[in-house]
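Taking it in order: structure first as structure tokens, then the write-up.
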């Protein structure tokens with residue numbers, strides 16, 4: 001099964017949460033199926049309210065809320081993603097809003113890996129830009145690093161002014 | 001008495017006999033010499049002042065005086081002539097020396113002086129060239145040292161200035177951050193390093 005994750009679902013914590021939610025939902029589906037089989041009544045969907053994230057995953061993947069077999073496959077797919085998907089840790093001068101998180105997630109899933117998971121943290125001393133940890137490598141694209149890394153340009157500019 | 005003492009006694013007796021014979025022979029010779037006749041000695045005395053008369057004495061003195069003057073004058077003339085000849089010869093000799101020996105020596109001296117002068121000029125020229133080269137080298141070295149020192153100090157100043165300005169800029173960034181305004185820069189940077197990021201993440 002090809003799982004499609006919405007860009008709102010970006011962090012490992014969110015993924016773990018919807019896995020738990022989906023597992024609980026599957027248990028309820030199983031209980032409902034047993035009850036309907038015992039009472040010889042048609043099976044009804046559980047009354048549990050699913051989160052928007054899980055609903056987005058299920059709709060994006062194309063499964064219905066009452067299809068327990070597909071939900072089982074989705075659960076296994078999500079667990080595989082949780083265990084194997086690459087994670088990127090981004091540090092920014094302020095915590096990004098949801099739109100920016102979506103944009104960043106979309107970029108990583110389009111350009112790097114379709115199941116990239118991301119975490120965000122704040123580092124106020126970088127001034128701006130982003131510091132990214134990918135695997136064991138850290139990319140410092142912060143304003144602070146840009147200024148400190150190119151400070152020789154200041155003297156070049158002064159030299160240009162002197163001439 | 002042993003044989004040595006006997007020999008010495010005999011030797012003394014022989015010596016005494018020889019001395020006695022010698023004394024007798026000398027006495028006989030002395031008597032012969034005294035018996036020869038001795039030569040006779042005759043004493044003659046002439047009084048010169050009484051050979052001539054008084055009048056002749058004055059005439060003789062006058063003549064002798066004139067002859068003495070003449071002889072002295074002639075001797076003086078000959079001495080003068082000899083001195084003049086000697087002076088001329090000396091003058092000629094000196095002139096010859098001046099014309100030959102001294103001129104040769106002078107020429108040799110001039111040649112030596114010229115050679116010395118040429119050598120001195122060459123040495124001084126060489127020394128001047130070495131001094132010029134050394135001066136050029138020192139000037140270039142000094143220029144290089146001054147240039148390097150200036151560049152070093154300027155680099156130090158630039159580094160300090162860069163530190164000051166960059167520190168000021170970093171501190172001036174502050175905490176008022178607009179990530180929306182930075183998003184274009186962030187995505188542009190991510191796109192520029194996309195391949196490296198992909199390689200690291202997928203590794």
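The values are calculated or read from the model by the stated rules, or taken from the named source; none is laboratory data. This is a predicted model, so every value here is computed, not measured. Cβ atoms come from the backbone with ideal geometry, glycine included; neighbour counts cover every protein chain shown.
Being outside the structural domain of residue A:134 (by TED's automatic domain parsing) and within 30 Å of residue A:142 (Cβ to Cβ) is a description that does not apply to residue A:97. When residue A:91 is tested against the conditions (1) within 14 Å of another protein chain (Cβ to nearest Cβ); (2) in contact (Cβ under 8 Å) with a residue 60 or more places away in the chain, the lone failure is (2). With the condition kept exactly as written, say whether any residue in the stretch B:135-150 is assigned to a helix (DSSP H, G or I) and within 14 Å of chain A (Cβ to nearest Cβ). The answer is yes, given that some residue of the stretch B:135-150 is assigned to a helix (DSSP H, G or I) and within 14 Å of chain A (Cβ to nearest Cβ).
Among the candidates B:161, B:113, the residue that is over 30 Å from residue A:128 (Cβ atoms) and either away from chain A (no Cβ under 14 Å) or surrounded by 11 or more Cβ atoms within 10 Å (Cβ to Cβ) (or both) is uniquely B:113. Filter the stretch B:164-203 down to the residues that are outside any helix (DSSP H, G or I) and modelled with pLDDT of 75 or more, then identify the one that is surrounded by the fewest Cβ atoms within 10 Å (Cβ to Cβ). Here the residue is B:203.
When the residues of the stretch A:127-154 are filtered to those that are at the interface with another protein chain (Cβ under 8 Å from one of its Cβ atoms) and part of a helix (DSSP H, G or I), which remaining residue is farthest from residue B:171 (Cα to Cα)?
Filtering the stretch A:127-154 down to residues at the interface with another protein chain (Cβ under 8 Å from one of its Cβ atoms) leaves A:127-130, A:132, A:134-137, A:139, A:141, A:143-144, A:147-148, A:151-152, A:154.
Filter once more, so that each one left must be part of a helix (DSSP H, G or I): A:143-144, A:147-148, A:152, A:154.
On the way: A:143: 11, A:144: 9, A:147: 11, A:148: 12, A:152: 18, A:154: 16 Å.
Result: A:152.
If only residues of the stretch A:49-75 that are surrounded by fewer than 17 Cβ atoms within 10 Å (Cβ to Cβ) and in contact (Cβ under 8 Å) with a residue 60 or more places away in the chain are counted, the one that is nearest to residue B:200 (Cα to Cα) is A:73.
Can you confirm whether the stretch B:118-126 contains a residue that is free of Cβ contacts under 8 Å to residues at least 12 places away in the same chain and at the interface with chain A (Cβ under 7 Å from one of its Cβ atoms)? The answer is no, given that none of the residues of the stretch B:118-126 is free of Cβ contacts under 8 Å to residues at least 12 places away in the same chain and at the interface with chain A (Cβ under 7 Å from one of its Cβ atoms).
May I ask you to list the residues in the stretch A:76-88 that are more than 22 Å from residue A:123 (Cβ to Cβ) and either facing chain B (nearest Cβ under 10 Å) or under 13 Å from the mean Cα position of the chain (by Cα) (or both)? Before you say what the answer is, go through the steps one by one.
Here is the first cut: in the stretch A:76-88, the ones more than 22 Å from residue A:123 (Cβ to Cβ) are A:76-85.
Selection gives A:78, A:81, A:82, A:85.
Annotation: residue A:119 fulfils all but one of (1) facing chain B (nearest Cβ under 7 Å); (2) under 20 Å from residue B:200 (Cα atoms); (3) in contact with a strand residue (DSSP E or B) (Cβ under 8 Å, 6 or more places away or on another chain); the unmet one is (1).
Condition test on residue A:5, is it within 23 Å of residue A:111 (Cβ to Cβ), not in a helix (DSSP H, G or I) and not assigned by TED's automatic domain parsing to the domain that holds residue A:103? Yes; evaluated as a whole, the condition is true for this residue.
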